[in-house]
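Asks: Structure in structure tokens, see below.
The values are calculated or read from the model by the stated rules, or taken from the named source; none is laboratory data. None of the values given here were measured: they were computed from a predicted structure. For neighbour counting, all protein chains shown are included, and Cβ atoms are generated from backbone atoms with ideal geometry for every residue, glycine included.
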Amino acid sequence: MSPRIGLNLSMIVQAAIQLADEQGVQAVTLSVLAQQLKVRSPSLYNHIDGLPGLRREMALVGLQQLKETIMMAAVGRAGDLAIREVFRAYLHFVRQHPGLYEATLYVPEQPDEQLEQLSQQILELVRQVLSAYHLTDEQMIHATRGLRSILHGFSSLERSKGFALKEDVDESFEWILNVYVQGLKAMGQSTNA
């Protein structure tokens, strides 16, 4: 194979993301990626720190895009409308970029300031949206964990074809969303009673 002129980190990461979206993040290996980019595997090491380095770069891109998706869904909206739009945008992101979403779950062996910062920014966006429900600090933690669990669980089951019943999956998603919003309202009301 002749070396690829102009190979850079961005090209490598984008090729890895495309491969992950098509075949899953576990399908992304340096040898497969090198073959796809028409270079030798050692050439990739000029731009990334092995497979962990590539996974980190993919996670950074994924978290940044997820943050922007949530931000765009929430901007100019409040309360029920904001949380509903965040739910829908998150699911749309996972459906459009299943491998990239999977990459956002990467946990490095050592603390990583950039990954932690992006995760905190996403958490803060969610907290801002949930603030309309006047939850206590403890309830806010539970509500945030619940939101992530619902979204991740639903999208993971959908991706793995776990919803085999005839009822429409989008209707199920909206039903779950309604239950979650009603629960938030009830918790907020009980706190302020």
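Asks: Check Tyr180, Tyr106 and return the single one that is assigned to a loop (DSSP other than H, G, I, E, B), out of contact with any Ser or Thr (no Cβ under 8 Å at 6 or more places or on another chain), surrounded by 15 or more Cβ atoms within 10 Å (Cβ to Cβ) and touching a residue at least 24 places away in the same chain (Cβ under 8 Å).
Replies: Just one listed residue meets the conditions, Tyr106.
Asks: Being at pLDDT below 95 and charged (D, E, K, R), is that true of even one residue in the stretch 46-54?
Replies: Taking every residue of the stretch 46-54 in turn, at least one turns out to be at pLDDT below 95 and charged (D, E, K, R).
Asks: What pairs can you find where one residue is in the stretch 149-165 and under 18 Å from Arg88 (Cα atoms), the other is of a type in the set (D, E, K, R) and assigned to a helix (DSSP H, G or I), and their Cβ atoms are less than 6 Å apart, with a gap of 6+ or different chains?
Replies: Within 6 Å, no pair qualifies.
Table: residues versus (1) over 16 Å from the mean Cα position of the chain (by Cα); (2) surrounded by fewer than 17 Cβ atoms within 10 Å (Cβ to Cβ); (3) modelled with pLDDT under 95; (4) not small (Gly, Ala, Ser).
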| site | (1), (2), (3), (4) |
| --- | --- |
| Ser131 | yes, yes, yes, no |
| Arg159 | no, yes, yes, yes |
| Lys166 | yes, yes, yes, yes |
| Leu184 | yes, no, yes, yes |
| Gly188 | yes, no, yes, no |
| Ala193 | yes, yes, yes, no |
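Asks: Name the residues in the stretch 84-95 that are surrounded by fewer than 15 Cβ atoms within 10 Å (Cβ to Cβ) and in contact (Cβ under 8 Å) with a residue 60 or more places away in the chain, would you?
Replies: Passing the criteria: only Arg95.
Asks: Among the residues of the stretch 85-99, which ones are out of contact with any Leu (no Cβ under 6 Å at 6 or more places or on another chain), under 24 Å from Ala15 (Cα atoms) and not hydrophobic (A, V, I, L, M, F, W, C)?
Replies: His92, Arg95, Gln96, His97, Pro98, Gly99
Conditions tested, residue by residue: (1) over 15 Å from Ser156 (Cβ atoms); (2) crowded, with 19+ Cβ neighbours inside 10 Å; (3) of a type outside the set (Asp, Glu).
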residue	(1), (2), (3)
His97	no, yes, yes
Leu100	no, yes, yes
Gln110	yes, no, yes
Gln121	yes, no, yes
Arg127	yes, no, yes
Asp137	yes, no, no
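Asks: Looking at the stretch 52-73 only, could you name the residues that are touching a residue at least 40 places away in the same chain (Cβ under 8 Å) and of a type in the set (D, E, K, R)?
Replies: Across the stretch 52-73, the qualifying residues are Arg55, Arg56, Glu57, Lys67.
Asks: Can you spot a residue in the stretch 80-90 that is under 24 Å from Glu57 (Cβ atoms), modelled with pLDDT of 95 or more and not small (Gly, Ala, Ser)?
Replies: yes
Asks: Here's another thing I want to ask about it. Which condition does Ser131 not pass, out of (1) touching a residue at least 12 places away in the same chain (Cβ under 8 Å); (2) among the hydroxyl-bearing types (Ser, Thr, Tyr); (3) over 30 Å from Met58 (Cα atoms), if it passes all the others?
Replies: Unmet condition: (1).
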